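Here, each number is a calculation from the coordinates, and none is a lab measurement. Owing to the predicted nature of the structure, the values given are computational and were not obtained by experimental measurement. Note: ideal-geometry Cβ built from the backbone for every residue, glycine included; neighbour counts use all protein chains shown.
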Amino acid sequence: MWRFSSLTRGTSCLLPFRKAPALRHFSVFLVRHGPVWPPVRASPACLHLPRITVLLSFCRSFKKNAKSTLDFPVTPITVTDIKQYLRSKEIPFHDGFSCLHAPSFFLEHTGAQGGSEAAGRDGFTLFIDKTTGQFLCKETLVEGSWEDLQDCVEVMQKEGCSYLSPDVLLGYPESPEEQEVKEMELREVQRIWSASVSFSDLPDEEAQLVKTMFRMDSISNATLKRFGVRFFKPTKSLVFPWFGGRDSGLRGLKLLTASCDKDGAVSYADATLPRPSAYHNLFGLPLVGRKDSEVVLTGRETDALAVSQATGLPCLTLPRGVSSLPPVLLPYLEQFKRVTLWLGGDINSWEASKIFSRKLGLKRCSLVRPGEQQPCPSEALESGRSLSRILKASISAAHKSIVSFRQLRDDVYGELANREQVAGVKWGRFPELNKILKGHRKGELTVFTGPTGSGKTTFISECALDLCVQGVNTLWGSFEINNVRLAKIMLTQFSMQRLEDDLEQYDAWADKFEDLPLYFMTFHGQQNLKTVLDTMHHAAYLYDISHVVIDNLQFMMGQENQSVDKFAIQDHMIGAFRKFATHSSCHVTLIIHPRKEEDDKDLQTASIFGTAKASQEADNVLILQEKKLVTVPGRRSLQVAKNRFDGDVGVFPLEFNKSSLTFSAPLKAKNKLRKVKGDKPDAPESEEKPAKVEKAEKVEKPAKVEKVEKAEKVEKPAKVEKVEKAEKPARATKTPKAEKGMPSRRQGSLRPCVLQSHVHWELHCSVGASRSRGANTCPCRQMAIFRFKPRLIFHSTV
């Protein structure tokens, strides 16, 4: 009855829906809930940390090959289309907060044609996501895409079935590698769980010491036992279980480990089994009753323990904290009419609460504003504050179109009190960029430009990678180069080495790189704007993307419609991206090629291709400047031409490291521009080759050189040779006849000449400057002298 096509494998990216010619395709999400794994007998011996590390790395090496790609439908589904289809098939449904509720046709006593109407809305156990169309049956845990649901309904109607067995969809044959990975993960989970100890079984002193280490002195052993929290001694970690599935068995774990640095500061790190992409545990869900209508969502498990103990309300913890709210968890939150989000006590948790409330439904959500009197739940409990009062003081997520300053007063104070967090995520590789832009903020639009071939893609990929390592969910839209080449560049920047020279380390670095929240759009070349925006909305909903990179706008536009004004099309695209960034609270980085400018001129904001709308709509304008030199590689620098956050602008130098493809390498001392004053010359350099200096003096007009020496001896009699290098006679250094092909002497031109066995270039600032100051003096005394290696001297205006 059912035929399956093999799932394609690849990196974590948004890929277009691919349909086999004669096979019916099923979503990768169907693989998540396979048959119940057989019980594994745990080893009684305690498990040591090295063994865990080895096993986790072994699992990753298999998962790298077994990872399936995500399907993206050709035409995005809308809630109107879903409702029309259900009505056409006479399937009753109820409009929920984020899902449509319908009777499940995977249960034997519930049909799809109306037999479930007698059971009422409580019998509607099939949940269909309004945004993506994905469905989930909470009773049988069958889940899939909107196309899978349509296929099920069509088969039922053709064969006259009243229901379908869940095993039909769950019978997808897994590869031996996938089965082995799951069995190893389950064995590891069972070993850790069996080796962990309940707090009631620990000595009182040891239990209190562990609580103090994790800042939960006020949490009782009864609360810890009710939530099933244990302590794993080999790694000194708290163990939070994940119970789920048809048999409510143990499906995974989260380990929270505390460590102290040299300064005595305590830091916390967590690890999950299975890996975070498959860890969908709403901690505390087994304790929620069917008739509970109110719930509190927290960002940490310890906060859930504090809220539950202090208020007695149902409390759940999001598996990924403030970074993401997977849509697969939304059906489990449909029963609640009031959802209070208390994700933490900082500005990041406040921003995440506002984003998550859009998924859950603004009308039923309330937000706890962070502040001095309203910290995170665990800190509030330790300080003796009333958690019930804080929850009652929460504000509604839905707001009116017109507000007064009274409603904005707390928001303004929050930004003033948390200016570092409001500034955004700091770059770890570009501290100079932090000084100017202060950070990477959500909801902004950044326009980045630079000369052709200067390294715009390479620089932005390193900037995005720097943020991605810090947990910023990133979506790349590379329309100029393919994803394989882009991923190669980013992997080289991530490892800071040439992996082609050491392929043995590729798997280790690839496993680490695969765990980053990084996704790619598979578009290349010209694409329709609506398709790209639909993909961006889809990614923002599924993965809570907070940074989108478009490389670049000209390639995305294409050149097909020559009759249409290309400037008007570009302005429309920029306006659409600006709207997406504002409404989705997502930072969008647009790479735009500049106009054709002269090579010797710096780019400006007006150099961006198109009209002024790009620079007007942008919150930040970054320009990659490149100075092309004749005998040495060009110098690159990054200029911040616009900064709407606080107005600071500036420029700082960059140095490209070809082996690691990075711009963040520190500048080397030998390549730095060094100012040399005429009255304090460098003694070692002037005494390196005295014989050659005398020879040069004999070759080039000895009389005039002696006159210069005599004039300089009046000022500095002890340092004659040093001054000769600093103060260069213009008339004594005429261009030899062999260099007729060099630029002529005029205003702003470069002129070569030979003096003291090295070459120097003079940039004249004004016509006739050398005549006004004499034949044996520098053309312009208002010029600073800089030295390069090999012994190149530049004259540039101070």
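Some values worked out for this structure:
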item: Charge dipole of the stretch 584-662 about the Cα centre (unit charges at C-beta), most positive-ward option of 634, 585, 647; result: 634
item: Theoretical gain in end-to-end length, residue 481 to residue 411 [0.36 nm per residue, Cα-Cα removed]; result: 21.0 nm
item: Theoretical FRET efficiency, 1/(1+(r/R0)^6), r = Cβ-Cβ of residue 599 and residue 382, R0 60 Å, to 0.05; result: 0.45
item: Whole-angstrom gap from the stretch 220-253 to the stretch 258-286, using each part's C-alpha centre; result: 13
item: Residue order, fewest to most surrounding Cβ atoms within 10 angstrom, among 494, 652; result: 652, 494
item: Pairwise FRET efficiency - residue 511 versus residue 612, Cβ, R0 = 41 Å, nearest 0.05; result: 0.35
item: Qualifying trypsin sites (Lys or Arg not before Pro) for the stretch 474-550 [loop in DSSP, other Cβ within 10 Å: at most 12]; result: 498
item: Cα-Cα pairs of the stretch 272-367 separated by more than 18 Å (percent); result: 41
item: Cα point-scatterer Debye curve for the stretch 431-668, base-10 log of I(q)/I(0) at q = 0.08 Å⁻¹; result: -0.29
item: Simple label model, 7 Å out from Cα along Cβ direction - residue 645 to residue 108, nm; result: 6.1
